[in-house]
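Asks: Quick one: this structure, given as structure tokens, is what I'll be asking you about.
The values are calculated or read from the model by the stated rules, or taken from the named source; none is laboratory data. Model, not experiment: these values are computed from the prediction. Cβ coordinates were reconstructed from backbone atoms using ideal geometry, including for glycine residues, and neighbour counts include every protein chain displayed.
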């Protein structure tokens, strides 16, 4: 074992490479939002077609593909799978530049989704074999810093390139570095022994691999883990719902320009995840030494704090106060990233980690990303139609494909208020509901009195 460990990449270097992989993942995923309007104009797309490029269909393909890729990660080299996935989605991103029609671009975005499905499960599984249990929450939380880093850098870069050179060049330039990163990971990152920090030797023997159904049954019946999965799903649903409509809110209600709104949006996301994710991991590693229940109670506390703060933020008349309160709420909301996955990794055999991770990501992507924004949009339309005070119906008077039609003040007020009410209701409900699941998970993780007494005697 010592000989094998000596050949391993330094754990900090390994984490840095995996962090870059995460950043490239979210950069390539999110640039469609920045380039959307230019693509729409060039290819004469409807908003529905534009939404499908990065919405429900993308989420479903991404999530469904993740499970079989994770199964491969539990059986074969995670380094090879990760490097192949990065190269695949990077090439698919670059090939978007060659799209001559909506459907050719759609297929390339499908390729991006399939490739990105191979990022998180092997990455998190590798981290669990590079870092001992007491450091995993922090390590995974640092990994998730790739989310705001990738979104922020990707969006700014894509916007600048598109403005000066066109949207096709943005896809090509941003997609190219990922191929180089894939090569670097393949050459530098070494495959660690599975379960190298676990006491049982069986964890490192991937001889008998359970079926997918067996793994999922084991996961669901493992005390508290089903609550972790449902908590992550609901927290993601609330996060995606708010993230999707924050930019429209800033434009509609606070009357910010598109560029200014994008800056505020990026700042909120970067600070919230950048502080919340590592802080949640640090607090969990600090407190869970004596009681593993804190791996779930820390996320529960953050989500309980965030739920009313989102509503308070939406009640502000000033966008600067909205900014401050949303950052505080976002920090608490993002506590769950590292602790949730670390709790899973600490409670399942090493040979099941990638599959269990993919299952949670499946719920997060298919239901969280797939349904969160859709639910918010439906509720927003309902509120808007109810609040509309003009003549006729809201949809007949205010929702039109004719861009030349002047939208009345009544329409603008109904649309703005409807979105605020929808965001308040949906985020309050989903964050509070998620917090309850994390609380119940903590109750399952908490040592029983009888067990503690026996250990003390």
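Asks: Could you check how many residues of the range 350-361 are at pLDDT 80 or above and farther than 15 Å from residue 213 by Cα?
Replies: 1
Conditions (1) within 18 Å of residue 136 (Cα to Cα); (2) surrounded by fewer than 22 Cβ atoms within 10 Å (Cβ to Cβ); (3) within 20 Å of the chain's Cα centre (by Cα), marked per residue:
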position: 275; (1), (2), (3): yes, yes, yes
position: 287; (1), (2), (3): yes, yes, no
position: 295; (1), (2), (3): yes, no, yes
position: 304; (1), (2), (3): no, yes, yes
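Asks: OK, next. Just for the range 73-94: of the residues that are surrounded by fewer than 24 Cβ atoms within 10 Å (Cβ to Cβ) and over 19 Å from residue 27 (Cβ atoms), which one is modelled with the lowest pLDDT?
Replies: Filtering the range 73-94 for residues that are surrounded by fewer than 24 Cβ atoms within 10 Å (Cβ to Cβ) and over 19 Å from residue 27 (Cβ atoms), the one modelled with the lowest pLDDT comes out as 75.
Asks: Considering only residues that are part of a helix (DSSP H, G or I) and without any contact (Cβ under 8 Å) to a residue 60 or more places away in the chain, look in the range 286-300 and name the one that is nearest to residue 437 (Cα to Cα). It would help to see each step written out before you state the result.
Replies: Step one: list which residues in the range 286-300 are part of a helix (DSSP H, G or I), which gives 286-287, 294-300.
Retained after the next criterion (residues that are without any contact (Cβ under 8 Å) to a residue 60 or more places away in the chain): 286-287, 298.
Working: 286: 22, 287: 19, 298: 12 Å.
Checking each candidate, the answer is 298.
Asks: A follow-up question, please. I'd like to know if the range 68-79 contains one or more residues that are touching a residue at least 12 places away in the same chain (Cβ under 8 Å) and within 19 Å of the chain's Cα centre (by Cα).
Replies: Yes, some residue in the range 68-79 is touching a residue at least 12 places away in the same chain (Cβ under 8 Å) and within 19 Å of the chain's Cα centre (by Cα).
Asks: Which residue is nearest to residue 28 (Cα to Cα), if the candidates are limited to the range 41-60 and must be crowded, with 16+ Cβ neighbours inside 10 Å and at pLDDT 75 or above? Step through it out loud before you land on a result.
Replies: So in the range 41-60, the residues crowded, with 16+ Cβ neighbours inside 10 Å come out as 43, 45, 49-55, 57-60.
Filter again for at pLDDT 75 or above, leaving 43, 59.
On the way: 43: 20, 59: 14 Å.
The qualifying residue nearest to residue 28 (Cα to Cα) is 59.
Asks: Still on this structure, I have one more. May I ask you to say which residue of 282, 341, 304, 287 is touching a helix residue (DSSP H, G or I) at 6+ places or on another chain (Cβ under 9 Å), at pLDDT below 90 and more than 23 Å from residue 146 (Cα to Cα)? Reasoning before the result, please.
Replies: Details: 282 fails: more than 23 Å from residue 146 (Cα to Cα); 341 fails: more than 23 Å from residue 146 (Cα to Cα); 304 fails: at pLDDT below 90.
Result: 287 is the single residue among 282, 341, 304, 287 that is touching a helix residue (DSSP H, G or I) at 6+ places or on another chain (Cβ under 9 Å), at pLDDT below 90 and more than 23 Å from residue 146 (Cα to Cα).
Asks: Show the residue pairs that are 6+ apart or on different chains and have beta-carbon atoms under 7 Å apart, the first residue being within the range 372-396 and farther than 22 Å from residue 409 by Cβ, the second being surrounded by fewer than 19 Cβ atoms within 10 Å (Cβ to Cβ) and modelled with pLDDT of 80 or more.
Replies: Filtered contacts from the range 372-396: 379/425.
Asks: Return yes when residue 312 is in a helix (DSSP H, G or I), surrounded by fewer than 20 Cβ atoms within 10 Å (Cβ to Cβ) and free of Cβ contacts under 8 Å to residues at least 60 places away in the same chain and no when it is not.
Replies: Working: in a helix (DSSP H, G or I): yes; surrounded by fewer than 20 Cβ atoms within 10 Å (Cβ to Cβ): yes; free of Cβ contacts under 8 Å to residues at least 60 places away in the same chain: yes.
For residue 312, the condition - in a helix (DSSP H, G or I), surrounded by fewer than 20 Cβ atoms within 10 Å (Cβ to Cβ) and free of Cβ contacts under 8 Å to residues at least 60 places away in the same chain - is met.
Asks: Taking the options 261, 270, name whichever one is surrounded by fewer than 23 Cβ atoms within 10 Å (Cβ to Cβ), outside the structural domain of residue 159 (by TED's automatic domain parsing) and in contact (Cβ under 8 Å) with a residue 24 or more places away in the chain. Steps first, answer last, please.
Replies: Working: 261 fails: in contact (Cβ under 8 Å) with a residue 24 or more places away in the chain.
Just one listed residue meets the conditions, 270.
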